[in-house]
Structures are given as C-alpha cells and as structure tokens.
Amino acid sequence: MPILPVVLWTDALIFLLLGAAIALGFYAARREPLRAPWRQIRKRPVAMAAMVVLLAYIGIGLIDSVHFKRRLPATEAGQTAQYSPEVVSLLDVVTDRLRKNVERTYSAPLATHAYAKETVEMPDGTQARIFPRLRYGGAHLADPEKEWPQDLLFTAVQGGLLGLVAALGLNALFLFVLSRRRHTRGGTMVREILAGKTDTAWRATLGTLSLLVIWAGLCASLSFKYHLLGTDKVGQDVFYLSLKAIRTGLVIGTVTTLVMLPFAVLLGIAAGYFRGWVDDVIQYVYTTLSSVPGVLLIAAAVLILQVYMDRNADAFTSVTQRADVRLLFLCIILGVTGWIGLCRLLRGETLKLREMDYVQAATALGVGSWRIIIRHILPNVMHIVLISVVLDFSGLVLAEAVLSYVGIGVDPAMISWGNMINSARMEMAREPVVWWSLVSAFVFMFGLVLSANLFSDTVRDALDPRLRGR
Amino acid sequence: MIGYLIRRILYAVPILIGVNLLTFVLFFVVNTPDNMARMHLGMKRVNQEAIDKWKAEHGYDRPLLFNPAAEGSGKFTKTIFFDKSVKLFVFDFGPADDGREIGVDIQQRMWPSLAIAIPALVVGLLINITAAMLVAFFRATYIDFWGVILAVAMMSISSLFYIIGGQFVFSKMLRLVPISGYGDGLSALKFVILPVLIGLVAGIGGGLRWYRTIFLEEIGKEYVRTARAKGLSELRVLFGHVLRNALIPILTGVVVVIPLLFLGSLLTESFFGIPGLGSYTIDAINSQDFAIVRAMVFLGSVLYIIGLILTDISYTLVDPRVRLS
Amino acid sequence: MNLLFTNKLVAALLLLSLAGCAGPPLNNPYPRREEGKNILYSFFEQRPKHLDPAQSYSSNEVTFTGQIYEPPFQYHFLKRPYTLIPLTAVEMPTPIYLNAKGERLKETDPAEQVAFSLYEIKIQPGIRYQPHPAFAQDAQGRYRYHALGPKELDQISALGDFKQTGSRELTAEDYVYQIKRLAHPKTQSPIYGFMSDYIVGLKELAAALQQAQQKIEPGAFLDLREYPLSGVEIVDRYTYRIKIAGKYPQFIYWLAMPFFAPIPHEADRFYSQPGLIEKNITLDWYPVGTGPYMLAINNPNRQMVLERNPNFHGERYPSEGEPGDQQAGLLADAGRPLPFIDKVIFSLEKEGVPIWNKFLQGYYDSAGIASDNFDQAVRIGGQGNADLTEEMKEKGIRLVTSVETSTFYLGFNMLDPVVGGASESARKLRQAIGIAVDEEESIAIFRNGRGIAMQSPIPPGIFGYTEGEAGINRYVYDWVNGRPQRKPIEAARRLLAEAGYPNGRDAKTGQPLVLNFDTTGTGPEAKSSFDWMRKQFEKLNIQLVIRNTDYNRFQDKMLKGTGQIFQWGWNADYPDPENFLFLLYGPNVKAGKNGENATNYKNPAFDRLFEKMKNMENTPERKAIIDQMLEIVRHDAPWASGFHPKQFSLFHAWYQKAKPNLMANNTLKYAKIDPALRARLRQAWNKPVWWPVAILLAVLVVGTLPAVATYRRKERGTPPRRSP
C-alpha cells in the first residue's frame, strides 16, 4: 500500500463523536417530541446560515482528521516497506502547494516581494539591502510591477467564476431534490424560496452556501499563485495555518465535551436521584474541584503530561503524535474543570424530577433505580445536556487561545489560533506592522465562534421549555 | 441563620483540605524538591551539595506525605505536606521559594488587582443592565434583533483581541495613556483607565445577552401584565417593577464573583504590566514557585467558598421568604 | 438619557483634550514631580531573586549589586582588551607562588611546582559604608537595632522605617567576613563548591559552621569572626591575604565580582533577627555597601530605585582609554567626580513590546533591539555595516554595537548511541548536521544579523580567537572571496551517506533517520525557531522531533544524559579562554556529575592539552596549544554550530558616555544624561491624538439615533397620557 493510515487519539474521538451525532440524528428523526425543536431551528434564517458556515468548518476539520503516512521509495530490493515518519492529513494533501511553498520569512498578503529588506549578494559580489522577490508568491510573473494588478484581478475573477459555476450547480441540485420531494415545479420552488416563504429558511441556507462556495473558489485560485494571507516569520503560508487551526479549535470544542459528558451526566443524576451520602460525596468532589482556580489546575496537568512524555519518550516518536497527545490531554483537563456546572444543573433537575408522580409511581411499583434513571430521568434532562454542549463549544474555542497565551495550551508545534495570536503579539510591535497573522486568526476564529454562538442560541431557544415559544 | 453559617464554615474545612491535598499531589508529582532547588539556584555551577542545602533551608528535606521514620502521629506531621499546609489555615503563607514572604506580597499586590476589578465590575454592571433594559424595552423590534446579533458578535471575539487591539490603538498610536506600568494613589488612574475600558467592552456582549434573558423572563410574568393593565407607562413598568424583581437573580449572580475580584485578571494584568495578584500567579506558574501557587490556590478556594456563603445570605436579604436552615 | 450622557462625555473630553495640548504628555508613566530631574530610567525584566553578593550570579541581579557592592578590583571602563584596575584596593597584587613546603618560588619555576598562590590585597583607608540602621548606635555605643523587641518590630515594614542610621569605615575584616560567608550553610553561595577547591580551608570552615549550626537553635546568629578560615588572613586593619591551592591566574578575575565584596558583620547580625526576616527585610533584599549607589526603594513587584550614596568615597572619571574614545567624546569628563546621576529608577517590564514602545516615547533612556523591531531601528549598509534608520536618526538616537563574550551552540549529547560517541560514522553525522544547520540564516531571521556564526567555542575579544582564514572551521566552511562560506548542502549529504544514512535513511534497514531536539522553549518565538530548525534537518531528509519541555525536565535530561540534540549557551565569567574551553573538558561532564560540559564530550588528547593550557599566561605557546585544542573540537564536532551574539544597544540623544563594557557590572556610575533635553523631546514626541476618539463617540451617538426614532414611534403609538 502506498500509504499507512494513522489514527491519532483525537481522530478516533472525533469520528466517534461524528458517529454519535449521526445516530442521535436518526434517533431524533423518528420521535415527534425531538423533531419539534428541529422544525423551529429550521425556520430561523440566522440559524440556518450559521449552520452552513459551521458545517463548512466541520468539513475542513474532518478532512484534516484523516491521517496517514506516505510510503518511502525502497532503497534496496527485498526490504520491508518503510514509511515516512511524517504524518500528513487529507487536508495537507489537498493544500500541498500551500504547505510546501515556504518562503524565507514575512511577506504581506498577495505580495510578490519580501516584506523586509534583506542583505543579498549581488551578481557582482557586493552586498545590498533590498526587498528580494519571493520564491513562490507570484513567482510566475516576469515583471511583477506591471503584471501584478492584472494578474491578480484575472486570477480572482477566474476563481470567482469557477466558484459561481459550482454554486449554481449546487443550487440546481438542491432545487431538483426539493421540488421532487414537494412534488412542485422547479419554477414555483424558486419563487417560493426567493420570497422566503418556505418552511425551512432555504433562502438563507442556499444564499450562504453559494457565497461560501464562490468565496472558496476565489481563495483557492488566488492561493495557488500567491500567499493569500501572507507568510509568517519562518515563511509558512498563513492561509494554510489558518485552515489547519480549524481542526484544533473544533477538537477542543467538541472532544472536551465528549470527555466530560459521561462524568457530568452520571454523577449529576446519581447525586440528585440517590441523595444521602452519594450526594454528599459527589457534592464534595465538585465543590473541591471548582474551588481550585481552573488555570492552576490546567497548568499542573499540562506539566504532569510533560513529565510523563519525557519519561516515555520512546512512545512519542513524531511531532504530530506528541502534539496530539497534548491536545487530547488538554481536552481532558478542560473537561475535568468544565463538568461541574453541568453536573450541578443535572443534580438540581433530577431532584425535581424524582418527586414527579410518574417517577414516584415507578418506584412504588418496584422498578429498579437504574431503570428509572434510564427510562424516566435521562430523557427528561437531555435538553439540558444538549444546551450545555452547544453553549460550551464557543467558550472552549476561545479558552484555547487564552491558555496558549499563558503557555499552558496546546503544544507550541501545533497549529492553532491561540499560537497564531500569540506570535502576532510580537508582530504588532514591528514597524511596519505585520498585521495579517492576527487578522487571519481573528477572522477565522470569529467566523467559527460567531456561527456557533448564533446556532446555539437558536438551539437553546428551541430546546429550553422555559424559553420555548417566546 | 448563625447556626447555618457556622455549619457552612465548618463544611469548608474538608473542602480546603481536599484542595490542598490535590494541589500538593499535582505539583509534587511534577516537581520533586530537587527540581525546585535547581530551578531556584540557577544554571551556573550548581552541585548536589548546594541542592541539598537549599532543600534543608526551605524545609523540603522531609518525606512528602508519610514519614515512616518518625514515631506515632509524627508519621503524618513530620512531612512536607503537613508542614506546608497547616499554616495556610491561619493564613500564614510563609516564604516563597525565592525567600520573600508571600503574605506581604499578597497584601501589596491585592490593591492593583482591586483597582481594576472593582471599577470594571461596577461600571460594567451599570452599562450592561442599562443596555439590556433598552434592548428589552425595544423587544421584538429590529433594534432588539440587531442588538442581540451585535452582542453575540462581540462575545465571539476573544478577549485577547480586545486587549491587543486596545493597547495598540490607544497607547501606541493615539498616545493617550501609558503603555504599561502602575502608580501609587491617584497616579494609578492613567494606568487603570484603559484596562478597565477594555474589560467593559469585552464584557458587554455576554452581559447584555445574559441580562436581557433575565429581563425577558420577568416581563413575561403575571404581575407585569397587571401593572400594564393599571395603565402604567412601559418605562415605569420596566424600571419600577421589572428591574426591582430582576435584581434578585442579578445580585446573586454578582455576589458570587465579588470575593474572586481579589485574584485579579491573569490576562489584563500581564499585558499591562500591572503588579496585581493575577500577574503574581502567572509569574509563579512560569517560575514554578510552588509555595506561591499553593498559597494562591488556597486563597482562591477560600474566596470561592466565601462567595457561595455570601450568595446564600444575599438570597435571604433580597427575598425574605427564603430562610436558611 | 443616553444622548445627554454622551453629550456631557464629549464636552468633558474636549476639555481634557485642550488641557492635553498644553500640559505634559498624557502617557508619561512617571509622576510629574520627577520631570526634569537628573534621573536615569531603566527597566528589569525579571524580578531579581538574590541581592546578597554571595548568592547573586545572574546578570539581572548584578545590575543592582554591581552598583552597591565594591569588590577590591574592577574592569577599566574604557580600555580594551579588558584590564583590571583597583577599585577599593590600593594597587593590583602580584601573586606569590609557594611550593608544597611553603617556600617562595621564582617566576620562572615551572607551574607544576606551585602548591599555593598567595594574594595580598591592601585596601584604601577612609572608605565608608552607606548610611544603614545596622550601624546605628546609641549614646553608650551599643548597637541600636541589633536586638529588636516585638514592639519596635511592629512599626517596621521596610528598611526605611528605621529612624536612625549610622556608618563606619571599611576594613579588611569585612572582606574576609564575606569570604567566610561563602562557606556558610545558610548562604548557599553558587560558587562555594567551585571555590572550595581553591581557597585553602574553605571546606573545613564549611564543616565547622555546619556543626556549629546544629548546636544552636534554628535561626540564631553565627558570628563568623569566631570561626577561622586557614587560607585567609587579616594582616592589619587594611590588608588581607588569600591563599589558594595551586596556580590559578584567573582567580584575580573572581576578585572583581561581587562575590568578593565586603560585608560588615554588623549587617549580618542585624539581618539575622527572625522578626526582620518575617518582614522580608534580609541581606538578600536590602544590600549594604560602599559603592556609588544604594538601594532606596526595593519593590521587586514594580520598581527598584538606586540613589546616590552620600558616603561614597569618591572616584574620578578615567582619563585614558582606547584610541577613538577621545573623538567619541568619552573622555570629555575625564577627572570629574563620579557618579553623574542622582537616581536610577528601574521599572519591572516583563515583555519586550512595552519596553520598545516606551523607549521610542522617551520613557526609557536606552534599550536593546529585539528582532521584531530591528527593521524600524537599524538599516544595514552596503558593506553590511549597521546604521540607524532615518526615523531613529531624526530622534537623535545612537547605536552602539559590540560582540558579546558568550557562545550559544547546538550541542550533541556524546553519550547518545546515534549522534554521540567517537565512532567515525557518528562523527560524520555530526559534521553533516553542522553544515546543514545554516546558522547564518538563523542569525538573519531571528537576530537580524545581530551575531556572528561560531567558528570555535572562543568568541572574539577573548585570547585564543583567530581572525580571518586561519580561524575558520574547515569542516563546515570554505574561505571564499575573503569570507568564510558555509559548505554546500551536497557536502553534508555526502557526509551523511558516508555516515551510513544515504538520503536520510539507514543504509541497512532503510528506516528513516529520526533525531530529537530537546529544548525548553515555549511561546511564539520558540515556535518559529522550532519550525526553522525542522527545516534545517529536512534538507538532509532527517526528521527532527522537537521534544520541548519545561526547564526542570530539560535539566533532568541533561543531568541524566538522556538528551540528544539541544541548545545551550555560556556567558563568560571572565575574559580568559579557559572559561570557554572548560565547557568541553572531560572531567567536567554534565551527566551524573553536574559539571558544565553539557555535551558530555570526552577526548583524552583534548583534556591533556587543557590541563596544560589552563594555568598559562597569554603567550604564543598558549595560543599554539589552544589552536590544537580547537582543531580537535572541530573535527569531533560535539557542537554542531553556534553563534556569538552581537549586542545592539540604542541610546537617546540625552544619554552620554555610552560604551559597552561586557565584563564590568558597575558602569552606571559613568552614565550621564541631559534631563532638560529629555523633557523637551518627550513633550514633542508624545502629543496625544484625540480625533479618532471624537469619531468613535460620534459613531456611538449616531448609533443611538435609530433607538430614539423607534422610541418616538412607540410613544406615538400609545395613547397620549391625559394631564392631571
């Protein structure tokens, strides 16, 4: 085989989570009480637009979670196959050009020349301080000064048109499927959508989708010839870094929840349902944990991990693996500090639920405690769990940046928005200012967090019985 | 009430012991006393003898948790853990690993932290409540819609961006305030104003959204309809009835954080070079000064528990129906 | 309501802005009363851990202790090569050499015969300590504060709270007292272990003190005068003798460091009172010295302030220097009394960004340059020489450059089975990496050319460094066009193939070669340097795993000898090649022994030469031996590559007498500033800009308009209220 698949810890968890989400979707689709909130969400244009953006992020994160090693060419015949120690993802393959086209140091977005002067040896042996041409950015231009504006425009329009074609195709596909399902004619469907009269907010959904696709075409086309968002201190493409950082953000936001959920649900419900000493012990544990300032707990945990990795250095042979284990550990420790809130909520809710007639009746009939919990209590606290999952997501993505700033976040070798912001701090002090790393991290992060927030707002409105219908 | 308080305070003791044990184990798994000694003695020309001397001097030459060599209760009391944590309970923090008394430093560094945290909290509360009232007043209009979107957008921006951007614009480009530092007395004002302002702006999104929900919940209640039916104007209803009733959740939400203000903000303080407890903690983490970290963790948990107790008390104060037992 | 409020705000801001135009700059971080005063503003990036001269070793601490404590000797401020001159001593001592029987040897006798060297140091009479409560006496001549009761202690929170101070003359006994303190178990002097091999009787004293301390109750005071130190002897009130084992010509350099400054026994007794220790009042935090400055405010959380010592014995500005110093104006003040500046304020500044910005605004008088603001400050001329940019020149800023006497290197752990060892294959692998790691590029990217690539462990300015073609590392460089040029990467690939890893794959198994880089770096700077380092190894198709960890873990690895490739540095203690070559001396290995030989390099030939070279004077024979040693090191390549950093310092127009002196640590007394010029320029550079704020407010006001409109509409919608 030319490749050797590698499943990192976080990859496995991400796909587990994906599977769980799909299963939940199927489960919910069959049950009316769970479909009602979904119908409410579908009506909201803002939520649907946000969902499209979120799905785009998730898509990028997913293809970046398929890792493998490439096979090396055999040096002698009859050897066992050797694989490159470098772990790459599907996204790396797609963006191979961005990854490999590394400049020497800073260059501005879409630039053809370096950002700072460098001492260069001239053909005649003297040294001069000039802005040298970039190795890859705009390297196809013979005379950048003259050709650059036209070429830029041409490339952009080309990419945009490509995107437009793709967007039209997608829209047509959607229209076809939709009108088939509704048994209406395509024209009526178009009119209804444009007028915003459909049940589902198709206008916003398709509109966002089209814009995204066109924008993607534009970016892709430009980034093949130039460094779309410039390069960083060691010449890596910032656009590539921003794309790679998406997975880190998503993993922190989702895996953390996945890790903490079993504890929070089990302990919260157990405390509320059994009361007595179980409640006392659980309350003691979470009060103790929550009174330790979170940052310090995380700092200690990250240090422990480092000790562990150094003692077992042989188990972590590649950069990617080391970074991945640290990321996973960060998720776990964030989960440990994060489950308390949910646990407390669930305890309160369970205390209320266990006094309900049907629970009391079940108890009187001699139904086992665990059966009651699974049958009657768990389904009735599910909305709290879901709400807290979606609400926590954006907070966790933001937390990653702050923790990386303090030096206890993800591995410094890992590409993340936190690390990008962190270096941007120094760059802002440069003169002239190197702004593109900061702005790129800002835009990409803002896009994810904003859409997650808007989406989770709607989800909360739809799921929370107290807010429903307002 | 008094009996309740005493019980709560006694209940805090096992929690504090737990916190202490936890931090102790966490940090000592990582850092043996030898590590700490080497960290503090520096790079050049350090030998084992010097390390042993440092350990003896700082009381790290005993076993960590259990001393098999000692007799009777000494097995537990003649350990580093006992040595270092018993004194915490009477707020005697002892010296940091670099020799300075932690208690003195905490007293000194508490004030800059408060100078930023208190104005940010009070003014922030006023602004957020006012803004949320306005949005609630205009509910179901496009102002409400865009106001909420704006709030969500603002809270989707990492606080790092607010700080980096604010510092860049106001201190570097516009030269309105000093870039970093701190002053005594009134001269602290020029150092504090920008961090407070940034804190306000960063907090407005979340605050607005949170208080808006509270207000909307109140507005939906029966008594509001009654008040309106009496012919009171909308503004009167909002300020006279809704605000007063919404104060309960607002107050209880705020009381919990008040004690924690002492701990300061990690980010703001380190960005603006403010010598508060937040930057003290960060420095201690970076230099792995275990004594300081332990003291700060202890202080943090004490303050947290005080916050919880205060919340309970404030419940009874604002709502006489609640009785603590 | 909203509108009214913002209107008021605008008015207030307008008023403020009017005031701002006329008054002092708004962004001045210092109080107004300090304006125009003869104060130097500087910063410290890390809070000093020790100000006790027996303990402080790091440069950020010596910044303070160097100005306060006076060892017997100092480096001449202007002369190069670095020359020692007397500070409190009357003259430079000539060591007397004795054989094992205690007989005096002649200069010409071979070094092997020398069993002891004797230094007799005579200090100037009449030098007095700074005013300090430890010396305060009452009418009966008893020390006022040596036995403080709880009542008195209540009123004390800092040293300044003591009402009465005193002083006394400096005597030879104080110097001896400090040497004894090096052996005190409580002092934990970093150089004790090292010095105990040289100073006769130091080990015995340490043992005696250890015993004595166990007898007394903890915390009680040990008067060191009662414990003899056989190798150090007080001759008379102003003279003392130090006897060291063997011949160690570099010992004199140690006598110019604060470790050998005087400590009065009164201070030691005063500071050992438990009541004061509880209040952070210790010798470690409140120095007492004879130097030009004394520590007036000691708040390591924010600010440290040095003030002129009123009892300073007086010293004059040097009247001779290097050629060129006259033209540079460095001799204009020859013969004038020192120090020039009344007060030095150090502010805590943990990050580079604010330091640089405040320097540009004129709030720090001098600053170094970080790589991120290099382009703003410095422009490299056609010949590669550094010059300031127009922007900086307009501000009157001056640039002073010097190559530091330190070496930073990428080292291999010689105990490692892959990269270490004396085998031919491992050596070739090391040499290949030495060529591949393009130190010149690293210096260009990360240091903007502020450094020179290493040719040998010895930096320029130290005896044994060779300029030009003869001094290059032939295994890594070629001499092309009068310049060393790194060998092409093909040469490295060839070496790698010869080492058994053609194209980065093990020739036998075909497995790709993976190496580990152990480092402590965190943060953004480190991230980009890791990326860069990986790129270097990729040139050879070697995959580099960055094993970064925290300081302790890294130290652990180094101690156990389990690291593989790492970065390390050494800053000269004194200007002698011995201080660099001992980093590769076999018996000094790090692993297991905690020596300074971090690579654990052992080569018997090298060690033999080192032992010979160590005690020699700077003669051509010594140079020849050093050249042999360097050849061995280059061939074995325990250090892949490295650089000697270049220091670029910027000084504002009002800062005079700036000459970098990398050895001396007491240079503040030579600094001079022009406060009037500073006040004027600060005013000109820091005009506040208000209009964007006005625009921001306008936007906010406009933003409330729709709300007002909606409110109106709502009002109209409800039925108009009847008037009562």
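The values are calculated or read from the model by the stated rules, or taken from the named source; none is laboratory data. A quick note: this is a predicted structure, and the numbers were derived from the prediction, not measured. Backbone-built Cβ (ideal geometry, glycine too); neighbour counts: all protein chains shown. Each accessible area value is taken on the protein alone, full model and side chains, heavy atoms only, with ligands, DNA and RNA left out. Shrake-Rupley method; radii C 1.70, N 1.55, O 1.52, S 1.80 Å.
Figures for the structure shown
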read-out	value
Lone qualifier among A:411, A:457 - being closer than 21 Å to residue A:54 by Cβ and touching a Lys or Arg at 6+ places or on another chain (Cβ under 9 Å)	A:457
Meets criteria (more than 30 Å from residue B:10 (Cα to Cα), surrounded by fewer than 22 Cβ atoms within 10 Å (Cβ to Cβ) and of a type outside the set (Val, Ile, Thr)) for residue B:246	no
Among (1) away from chain C (no Cβ under 14 Å); (2) out of contact with any Pro (no Cβ under 9 Å at 6 or more places or on another chain); (3) farther than 29 Å from residue A:25 by Cα, the one test that residue A:428 misses	(1)
Inter-residue pairs, beta-carbon under 6 Å, first closer than 11 Å to residue B:261 by Cβ and in region B:104-119, second open to solvent by 20 Å² or more (accessible area, probe 1.4 Å) and not β-branched (Val, Ile, Thr), 6+ apart	B:110/B:262; B:113/B:264; B:117/B:261
Selected residue (only one of A:249, A:235, A:230 is on the phi > 0 side of the Ramachandran plot and in contact with a helix residue (DSSP H, G or I) (Cβ under 8 Å, 6 or more places away or on another chain))	A:230
Residue within region A:255-276 that is touching a helix residue (DSSP H, G or I) at 6+ places or on another chain (Cβ under 6 Å) and either within 14 Å of another protein chain (Cβ to nearest Cβ) or not in a helix (DSSP H, G or I) (or both) present	no
Boolean, residue A:388 is of a type in the set (Ser, Thr, Tyr), more than 9 Å from every other protein chain (Cβ to nearest Cβ) and open to solvent by 10 Å² or more (accessible area, probe 1.4 Å)	yes
Verdict on residue C:598 being open to solvent by 10 Å² or more (accessible area, probe 1.4 Å), touching a residue at least 12 places away in the same chain (Cβ under 8 Å) and assigned by TED's automatic domain parsing to the domain that holds residue C:627	no
Helices (runs of 4 or more DSSP H) wholly inside region C:456-571 containing at least 2 residues that are surrounded by 20 or more Cβ atoms within 10 Å (Cβ to Cβ) and either in contact with a strand residue (DSSP E or B) (Cβ under 7 Å, 6 or more places away or on another chain) or within 14 Å of chain A (Cβ to nearest Cβ) (or both)	C:523-538, C:551-560
Selection status of residue A:398, surrounded by 21 or more Cβ atoms within 10 Å (Cβ to Cβ), facing another protein chain (nearest Cβ under 7 Å) and in a helix (DSSP H, G or I)	yes
Residue list for region A:428-438, restricted to those being part of a helix (DSSP H, G or I), in contact (Cβ under 8 Å) with a residue 40 or more places away in the chain and not small (Gly, Ala, Ser)	A:436
Criterion: in contact with a helix residue (DSSP H, G or I) (Cβ under 8 Å, 6 or more places away or on another chain) and in the same structural domain as residue C:227 (by TED's automatic domain parsing) - qualifying residue of C:116, C:162	C:162
Residue check, residue B:303 in a helix (DSSP H, G or I), in contact (Cβ under 8 Å) with a residue 12 or more places away in the chain, open to solvent by less than 50 Å² (accessible area, probe 1.4 Å) and within 14 Å of chain A (Cβ to nearest Cβ)	yes
Evaluation of residue A:418 against (1) within 14 Å of chain C (Cβ to nearest Cβ); (2) surrounded by fewer than 19 Cβ atoms within 10 Å (Cβ to Cβ); (3) assigned to a helix (DSSP H, G or I) (one fails), failing number	(2)
Test result for residue B:151, in contact with a Gly (Cβ under 9 Å, 6 or more places away or on another chain) and either at the interface with chain C (Cβ under 7 Å from one of its Cβ atoms) or not acidic (Asp, Glu) (or both)	yes
Hits in region C:307-354 (condition: outside any loop (DSSP other than H, G, I, E, B) and closer than 22 Å to residue C:287 by Cβ)	C:307, C:308, C:315, C:338, C:343, C:344, C:345, C:346, C:347, C:348
Conditions (1) charged (D, E, K, R); (2) at the interface with another protein chain (Cβ under 10 Å from one of its Cβ atoms); (3) farther than 25 Å from residue C:338 by Cβ: number failed by residue C:45	(2)
Residue C:241 outside any helix (DSSP H, G or I) and under 29 Å from residue C:120 (Cβ atoms)	yes
Residue satisfying all of: in region B:129-178; open to solvent by 20 Å² or more (accessible area, probe 1.4 Å), polar (S, T, N, Q) and farther than 18 Å from residue A:424 by Cα; modelled with the highest pLDDT among these	B:130
Among the residues listed as A:441, A:452, A:413, A:462, the single one being touching a helix residue (DSSP H, G or I) at 6+ places or on another chain (Cβ under 6 Å), surrounded by fewer than 21 Cβ atoms within 10 Å (Cβ to Cβ) and of a type outside the set (Asp, Glu)	A:413
Enumeration of residues in region C:260-284 that are touching a Phe, Trp or Tyr at 6+ places or on another chain (Cβ under 9 Å), assigned to a helix (DSSP H, G or I) and among the small types (Gly, Ala, Ser)	C:267
Out of B:10, B:26, sole residue that is open to solvent by 20 Å² or more (accessible area, probe 1.4 Å), within 14 Å of chain A (Cβ to nearest Cβ) and under 20 Å from residue B:287 (Cα atoms)	B:26
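A quick yes/no check of all residues on (1) farther than 30 Å from residue B:220 by Cα; (2) at pLDDT below 85:
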| residue | (1), (2) |
| --- | --- |
| A:365 | yes, no |
| A:428 | yes, yes |
| A:432 | yes, yes |
| A:450 | no, no |
| A:453 | no, no |
| A:466 | no, yes |
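Rundown of residues vs (1) surrounded by fewer than 19 Cβ atoms within 10 Å (Cβ to Cβ); (2) without any contact (Cβ under 8 Å) to a residue 60 or more places away in the chain; (3) within 12 Å of another protein chain (Cβ to nearest Cβ); (4) within 15 Å of the chain's Cα centre (by Cα), yes/no style:
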residue: B:228; (1), (2), (3), (4): yes, yes, yes, no
residue: B:231; (1), (2), (3), (4): yes, yes, yes, no
residue: B:242; (1), (2), (3), (4): no, no, no, no
residue: B:254; (1), (2), (3), (4): yes, no, no, yes
residue: B:265; (1), (2), (3), (4): no, no, yes, yes
residue: B:287; (1), (2), (3), (4): no, no, yes, no
residue: B:317; (1), (2), (3), (4): yes, yes, no, no
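So that you can scan it fast, the table gives a plain yes or no per residue for (1) within 14 Å of chain A (Cβ to nearest Cβ); (2) at pLDDT 85 or above; (3) within 26 Å of residue A:427 (Cα to Cα); (4) open to solvent by 20 Å² or more (accessible area, probe 1.4 Å):
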position: C:347; (1), (2), (3), (4): no, yes, yes, no
position: C:352; (1), (2), (3), (4): yes, no, yes, yes
position: C:372; (1), (2), (3), (4): yes, no, yes, no
position: C:376; (1), (2), (3), (4): yes, no, yes, no
position: C:385; (1), (2), (3), (4): yes, no, yes, yes
position: C:390; (1), (2), (3), (4): yes, no, yes, yes
position: C:408; (1), (2), (3), (4): no, yes, yes, yes
position: C:426; (1), (2), (3), (4): no, yes, no, no
position: C:445; (1), (2), (3), (4): yes, no, yes, no
